[in-house]
Structures are given as C-alpha cells and as structure tokens.
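Mind having a look at this structure? Questions to follow.
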Amino acid sequence: MYQFIKAVFMLLVAVSIASCSGTTEDGVEIVSYKTMLSRNLSNLNKLSVGMTKSQVMDIMGNFAAKTGDSLIPNPYKTEPFSAGKAQYEALYYLTRKYPPFTSIKLSQATPVVLKAGKVIGWSVDALQKARAGGIEK
C-alpha cells in the first residue's frame, strides 16, 4: 500500500511540474510569472531607439506566463494611439509584481513606445511625452 501511495504522489508531482512549463499549440513558451518579469527587465536593456516593432518582439521574446488558470501574453497589452497627426503604438511589458489576489494593472508594466513602427523610447515618461506629441524621433 505504501508503494502505491508513493507512486501516486510521485505522479502528481511530475504532472504539476510539467504543467508549470511547456509550450502552447502555436509554439509560445509557457513560463512562470516571476520568470516573465525577470526576462522582461533584462530584455528591456537590449532595446535601442530606432528599432522596428519586429526587432522589439524578437528581443522581448515569444512567451506567456501561467498564473492560476490563465495565461498572460508578452507583451501584456498593445495600444495604438495618435497625438496630433502622428500614429503611435505602446507595447506594455510586465516588469513589476502584483499583490496576490489582485488583477494586473498597467502600472506594473513598462511601455515600449513606437512611432511609425520604430522605437522612440520605453518608460511611462516616454509614453506621456508621446501622448502629448513631445517626441519627434
């Protein structure tokens, strides 16, 4: 009986470990939320002004974080907007933890701001300047 219980326990441990990582049907790597934050913080340091959206997406990575029963995509959110006649896009990458039992907020993300498909900056400050039409690059 002890051997059976031990075998069942080991099987449950193996299944729970396997469910924490892997890939989705479309090839997106599944990582922990903590890993997502760490990768995003590290990868933001590899960006430079003038990069294309495609280059940003390659550097930031194609993965999602598993939290509870949901997957959080990377970037967490994309938001097109305009300021004056210029068209912008903000890619929000999660970089800060959220308190347990609360929903994720954009204040926990670092926005990467693109104008005409090219990076003009990344930070809340860059986003605010772009919304005000103050970044000319």
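Normalised by the number of residues in region 26-131, what is the relative contact order in percent for Cα pairs under 8 Å and 6+ residues apart? Let's see the in-between values first.
Details: 178 pairs, mean separation 26.5, N = 106.
Normalised by residue count, the contact order of region 26-131 is 25 percent.
When only alpha-carbon atoms are used, what values of Rg and Dmax, in angstrom, describe region 18-120?
Rg, Dmax (Cα atoms, Å): 14.3, 49.
If I stretch the segment between residue 32 and residue 59 completely, what's the gain in nm (0.36 nm per residue apart, minus their alpha carbon distance), one decimal?
Values: separation 27, 0.36 × 27 = 9.72 nm, distance 1.85 nm.
Here the answer is 7.9 nm.
FYI, it's all coordinate maths here, none of it is from the lab. Quick caveat: nothing in here was measured; it's all calculated off a predicted structure.
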